[in-house]
Amino acid sequence: MSHKVTLIPGEGIGPEVAAAAQRVIDASGAKLEWEEIHARASEGSEKGQLLNKAVIESVKRNRVALKGPMATAIAGGPPSVNVALRKTLDLYANLRPVKNVPGVQSRFENVDVVLVRENTEDLYSGLEHEVVPGVVESLKIITEKASTRIAHFAFEYAKRHGRKKIHAIHKANIMKLSDGLFLKSIRAVAEKYPDIEYKELIVDNACMQMVLKPEQYDVLLLPNLYGDVMSDLAAGLVGGLGVVPSGNIGDQAAMFEAVHGTAPDIAGKGLANPTALLMSSVMMLDHLNESSAARRIQAALEKVYREAKHTTHDVGGKAGTAEFTDAVISALD
Ligand code: NAI
């Protein structure tokens, strides 16, 4: 049986890396049928409409999407399409495995950490207003419901994947109520998993420990903002954003995407590294139980990096997107 997957090409380097991932997946033997749809509402749409309604309907119907990055204006402009997609589809768990890729240069070895980031609330609630001129307020929303739900997701993930330790990351010494509720909710869930070691760390210390001894971490459980910051930090330890995948998972649907953004500095130049989206595709294929195609793509990527003849600029190579993608396709068993 083939799976129908919504393909959101994205913006900037998005269409380049999405096309590369699509080529590799199609060559891997996975039985997928693509439904390509743009996520941003077109210019003539109803005023204030951010998301293309058809993309929501498509992901709800297919229950799985592969997505390229989408740009968000800084300090003004419309809200983030990425955040709107995650919230509208209630993709509450952002799963970001960060691991050394053999052949990719990095300062650390033995990094193998999975970040589980709450994806629907915290300072990403988008509730900001001007109180009086010169004073603004941004609401950090933390609920017991969302904190308990993400904790269950993290502990279940750890159990299923043989992970031994979970660190909850917080700043509850200062944000006693909001991060305090996040921690209280997690502690209640942690009690039900006596086989998984549970620890808590304040976010600033957690960042320092991450660059001193990243190998001590197994699974990190974080509210939305700390999760965003610490996943880029972790990515830097294994060679950068070009090699880190992610999944946005909910009860009804899942959307897989790279951690990186639209890379406007290299967009349209044929230089983008599609590895992160390919690794996200591997996560997607596992999610769809297309495990043999997933393993083939993973093995092909490892081979291309081990040989280091056709890797892209961001990881110290000389190849462009097309040459790298061709090399991965040739390396498929
Ligand atoms: P970025 O991730 O787009 O770029 C940061 C640096 O990494 C740049 O030098 C870029 O060239 C490089 N880079 C990123 N991906 C690469 C790849 N695949 N191959 C080679 N080099 C790569 O981050 P930035 O510049 O902060 O954000 C640009 C835009 O992307 C913004 O509008 C931002 O809102 C959006 N963004 C979207 C995300 C998403 O759709 N999930 C995630 C992060 C940012």
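The values are calculated or read from the model by the stated rules, or taken from the named source; none is laboratory data. Since the model is a prediction, treat every value here as computed from it, not as a measurement. No Cβ is skipped: glycine too gets one built from the backbone with ideal geometry, and neighbour counts run over all protein chains shown. To get the accessible areas, we keep the full protein, side chains included, count just its heavy atoms, and leave off ligands, DNA and RNA. Shrake-Rupley method; radii C 1.70, N 1.55, O 1.52, S 1.80 Å.
Worth pointing out:
- Residue, modelled with the highest pLDDT, within the stretch 19-41, restricted to residues that are among the basic types (K, R) and within 16 Å of the ligand (Cβ to nearest atom): R23
- Failed condition for V113, given (1) buried (at least 16 other Cβ atoms within 10 Å of the Cβ); (2) within 11 Å of the ligand (Cβ to nearest atom): (2)
- Scan of the stretch 59-87 for residues that are β-branched (V, I, T) and modelled with pLDDT under 95, ordered by number: T72, I74, V81, V83
- A Cβ distance below 6 Å, combined with a sequence gap of six or more or placement on separate chains, defines the contacts here; from the stretch 237-249, residues that are over 18 Å from S281 (Cβ atoms) reach residues that are open to solvent by less than 10 Å² (accessible area, probe 1.4 Å) and part of a helix (DSSP H, G or I) in the pairs L237/P214.
- Within the stretch 1-19, the residues that satisfy the criterion of being among the small types (G, A, S), closer than 21 Å to A258 by Cα and either touching a residue at least 24 places away in the same chain (Cβ under 8 Å) or crowded, with 22+ Cβ neighbours inside 10 Å (or both) are G10, G12, G14, A18.
- Cβ-Cβ contacts under 6 Å between residues 6 or more apart (or on different chains), taken from a first residue in the stretch 271-290 that is more than 15 Å from the ligand (Cβ to nearest atom) and at pLDDT 95 or above to a second residue that is assigned to a loop (DSSP other than H, G, I, E, B) and of a type in the set (G, A, S), are listed as L285/A30; E290/A30.
Okay, residues lined up against (1) within 16 Å of the ligand (Cβ to nearest atom); (2) surrounded by fewer than 18 Cβ atoms within 10 Å (Cβ to Cβ); (3) of a type in the set (D, E):
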site	(1), (2), (3)
E43	no, yes, yes
Q49	no, yes, no
I56	no, no, no
V59	yes, no, no
M70	yes, no, no
V83	yes, no, no
T88	yes, yes, no
K99	no, yes, no
Q105	yes, yes, no
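- Unique match (being surrounded by fewer than 17 Cβ atoms within 10 Å (Cβ to Cβ) and more than 16 Å from D26 (Cβ to Cβ)) among K303, K318: K318
- Failed condition for E16, given (1) part of a helix (DSSP H, G or I); (2) more than 16 Å from the ligand (Cβ to nearest atom): (2)
- Residue count, the stretch 20-39 (criterion: free of Cβ contacts under 8 Å to residues at least 60 places away in the same chain, surrounded by fewer than 17 Cβ atoms within 10 Å (Cβ to Cβ) and within 17 Å of T325 (Cβ to Cβ)): 2
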